[in-house]
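The values are calculated or read from the model by the stated rules, or taken from the named source; none is laboratory data. Treat the numbers as computed from the prediction; the structure is a model and nothing was measured. Cβ sites come from the backbone with ideal geometry, for glycine too, and all protein chains shown count toward neighbours. Surface areas here come from the heavy atoms of the whole protein model, side chains and all, with no ligands, DNA or RNA. Shrake-Rupley method; radii C 1.70, N 1.55, O 1.52, S 1.80 Å.
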Amino acid sequence: MKKHFMSKVIALVLVMAVFLVGCSNSDTSSGKSDGGKKQIKAPENQEIAKKEGNDITIAVADNFISMDPHDTNDTLSYSAQKTMLEGLVGFDKDMKVIPVLAESYEANDTATEFTFKLKTGIQFHDGTPFNAEAVKVNIDRLANPDNNLKRHSLFAIVKETQVVDENTIKVILKEPFGAMINTFAHPAAMIISPKALETYGKEVSRNPVGTGPFKLGEWNQTDFLKVVKNENYREEGNPKVDSITFKPTPENGARVAMLQTGEADFIYPVPTEQAESINGKKGIVVENNQSIIVRYLSMNTMKKPFNDPKVRQAINYAINKDAFVKVVMNGFSSKLDSVIAPNTQFYSKQEEYEFNIEKAKQLLKEAGYENGFETKVWGSNNSTAQKGMEFIQQQLGQIGVKVEVVPMETGTMSEKIWSVQNPEDAELELYYGGWSPSTGDADWGIRPLVGGTDAFPPKSYNTAYYNSDTVNQAIKDALATADLDKRKAAYEKAQAEIWKDAPWAFLSVDDTIAGKKNYLEGIYLLPDGSLSVQNLEIKQ
């Protein structure tokens, strides 16, 4: 009874908030409002806070699980790993691929062979030389299914790794895969010392040995993880701090308090409800930036009425995305204008489904649903997800679509979605979720989510059960070449078709939000939510 009452309260709050941003007026549909999008301004004339010593403390939301990048599937652990380990290539601040341990790289026209020229004179923390043989040991480890590594799937396509010479490595694939360079940029492909792999075996997860600017100092899994300066790092003058201590701090308020008192120099994430209030006070700077995490409402295109594109388009017109950003995401997101986010490689902006109730009603009428219909939306049972689903319920109610909100515990929802072997047996109608393409490439933002029957649950994440010959062919064309222009053209075609077919209601792109003391420079969150400290320094 109490839960039912609270649900009504949430719904009432949403109705009022939506009313205040004018979403019941279809005349606002032609406006290009920013939807209440918040961009926190850097404080002006702020006195630099005092910092003692040259050691940094970072408070994070969860515990670290593993320091073996090949056997890791959480972004937080990768953030710590990246202080100690490096890959052949990586991502810059905008998720563009850049050389790291590789001097250069190239691919053949069919995207089946990738050759890397390696930087010379580099050593791992244990003195082992970094060379082509060391790279082969790592790639072969990832590609071997018998190792049961969590990131094997990214490298299962590898057929053979060849040492061309001491500083040249060639990776041959079983079939064309144009997104492979981005896969190598994923932190899963960071290189571990072969000596450490041999010495520690599976325990390398607690004994990482890489080539990075820091090396492992001490790790108490429930309390802290400390990395210390690599005195022999190849970049002169780096790193500029002596150590970094990561402190798992799950409670939002405690994390903020650590930043306010100076117990922590940097925290993430900053809770959205406190982001603006702490910015500019006690030497604190809060930064929010667009991520590559998209938020969407998928529609089961195999079920009536969602098998009709007009119904799916109507739902897009019926949801005020400006209001969604302001009410549900508290302003810390942006409207989604493609199936992938702007910072994802090969993103192509589409023409917005402007908020227009009358157009939505007309499309429903043309599809034979003038009086609307009833449906259910599944999603997580956390408060933010429930708020999002309640918002969608309120919005679609304006066009006669009655939505029952069904929040589920993660395990229950996973079972109900991914245990279905036959698509016709799927009970799913609407699904409220989010996705981050961790390779930074359009491939991993499109193929697992709308890439035809091969992506239907339980194989992958196509909860829309969307299957388009045009999109499927465009995906194949993009993966069949390493030519960037050809890949771009193929993904542009795919995005345009997906947008027209509307297997989703396209909602928003999340922000990353971090807080730091104003004496820190060169530390930031990448669009995938991981941390970069490559150029970290203390300014006094």
Looking only at segment 414-427, and only at residues there that are in a helix (DSSP H, G or I) and within 16 Å of ASN462 (Cβ to Cβ), the one that is least open to solvent (accessible area, probe 1.4 Å) | ILE417
From GLN350, GLN345, residue being buried (at least 20 other Cβ atoms within 10 Å of the Cβ) and either in contact with a helix residue (DSSP H, G or I) (Cβ under 9 Å, 6 or more places away or on another chain) or of a type in the set (Phe, Trp, Tyr) (or both) | GLN345
Can you confirm whether segment 236-243 contains a residue that is farther than 18 Å from LEU536 by Cα and in contact (Cβ under 8 Å) with a residue 24 or more places away in the chain?
-> no
Subset of segment 438-458 (residues that are open to solvent by less than 10 Å² (accessible area, probe 1.4 Å) and among the small types (Gly, Ala, Ser)) | GLY440, ALA442, GLY445, GLY452, ALA455
Please tell me if GLU358 is assigned to a loop (DSSP other than H, G, I, E, B), closer than 16 Å to LEU396 by Cα, of a type outside the set (A, V, I, L, M, F, W, C) and open to solvent by 40 Å² or more (accessible area, probe 1.4 Å).
-> no
So which residues in segment 296-342 are of a type in the set (Asp, Glu) and within 27 Å of ASN467 (Cα to Cα), if there are any at all?
-> ASP308, ASP337
From the list VAL209, VAL204, which residue is among the hydrophobic types (A, V, I, L, M, F, W, C) and assigned to a loop (DSSP other than H, G, I, E, B)?
-> VAL209
When segment 24-74 is examined, which residues are found to be under 26 Å from the mean Cα position of the chain (by Cα), in a loop (DSSP other than H, G, I, E, B) and modelled with pLDDT of 95 or more?
-> MET67, ASP68
Restricting attention to segment 459-495, and to residues there that are under 16 Å from MET302 (Cβ atoms), open to solvent by 80 Å² or more (accessible area, probe 1.4 Å) and modelled with pLDDT under 95, which single residue is farthest from the chain's Cα centre (by Cα)?
-> LYS459
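Yes/no matrix, rows are residues, columns are (1) small (Gly, Ala, Ser); (2) in contact with a Ser or Thr (Cβ under 9 Å, 6 or more places away or on another chain); (3) under 25 Å from LYS326 (Cα atoms):
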residue	(1), (2), (3)
SER348	yes, yes, yes
PHE355	no, yes, yes
ASN371	no, no, no
LYS387	no, no, yes
PHE391	no, no, yes
GLY400	yes, no, yes
VAL403	no, yes, yes
For ARG447: the one exception among (1) of a type in the set (Lys, Arg); (2) under 23 Å from MET329 (Cα atoms); (3) outside any strand (DSSP E or B) = (2)
Just need a number here: residues in segment 82-98 that are in contact with a Gly (Cβ under 8 Å, 6 or more places away or on another chain) and either at positive phi or outside any loop (DSSP other than H, G, I, E, B) (or both).
-> 8
Which of the following residues is within 30 Å of PRO271 (Cα to Cα), within 25 Å of the chain's Cα centre (by Cα) and assigned to a loop (DSSP other than H, G, I, E, B): PRO342, PRO407?
-> PRO342
Taking interchain pairs and intrachain pairs at least six residues apart, which have beta carbon atoms under 8 angstrom, with the first residue in segment 514-538 and at positive phi and at pLDDT below 95 and the second outside any loop (DSSP other than H, G, I, E, B) and β-branched (Val, Ile, Thr)?
-> GLY529/THR75; GLY529/ILE293; GLY529/THR512
Is it the case that some residue within segment 92-110 is hydrophobic (A, V, I, L, M, F, W, C), open to solvent by less than 30 Å² (accessible area, probe 1.4 Å) and touching a helix residue (DSSP H, G or I) at 6+ places or on another chain (Cβ under 7 Å)?
-> no
Of (1) under 21 Å from GLY90 (Cβ atoms); (2) in a helix (DSSP H, G or I); (3) out of contact with any Ser or Thr (no Cβ under 8 Å at 6 or more places or on another chain), ILE139 satisfies all except one. Which?
-> (3)
Look through segment 498-512, keep the residues that are surrounded by 18 or more Cβ atoms within 10 Å (Cβ to Cβ) and among the charged types (D, E, K, R), and return whichever of them is farthest from the chain's Cα centre (by Cα).
-> ASP501
Within segment 372-402, how many residues are modelled with pLDDT under 95 and in a loop (DSSP other than H, G, I, E, B)?
-> 2
What about LYS215, is it buried (at least 20 other Cβ atoms within 10 Å of the Cβ), basic (Lys, Arg) and in contact with a helix residue (DSSP H, G or I) (Cβ under 9 Å, 6 or more places away or on another chain)?
-> yes
Go through segment 39-77 residue by residue and tally those that are within 25 Å of ALA257 (Cα to Cα), touching a helix residue (DSSP H, G or I) at 6+ places or on another chain (Cβ under 9 Å) and open to solvent by less than 40 Å² (accessible area, probe 1.4 Å).
-> 8
Inter-residue pairs, beta-carbon under 6 Å, first touching a residue at least 40 places away in the same chain (Cβ under 8 Å) and in segment 371-383, second assigned to a loop (DSSP other than H, G, I, E, B), 6+ apart = PHE373/PRO305; THR375/GLU429; LYS376/GLU429
In the set VAL137, VAL171, VAL158, the lone residue that is surrounded by 14 or more Cβ atoms within 10 Å (Cβ to Cβ) and without any contact (Cβ under 8 Å) to a residue 24 or more places away in the chain is VAL158
Output yes when any residue across segment 388-407 is surrounded by fewer than 17 Cβ atoms within 10 Å (Cβ to Cβ) and touching a residue at least 40 places away in the same chain (Cβ under 8 Å), and no when none is.
-> no
Matching residues in segment 99-135 (touching a strand residue (DSSP E or B) at 6+ places or on another chain (Cβ under 8 Å), under 20 Å from ASN207 (Cα atoms) and outside any strand (DSSP E or B)) number 5
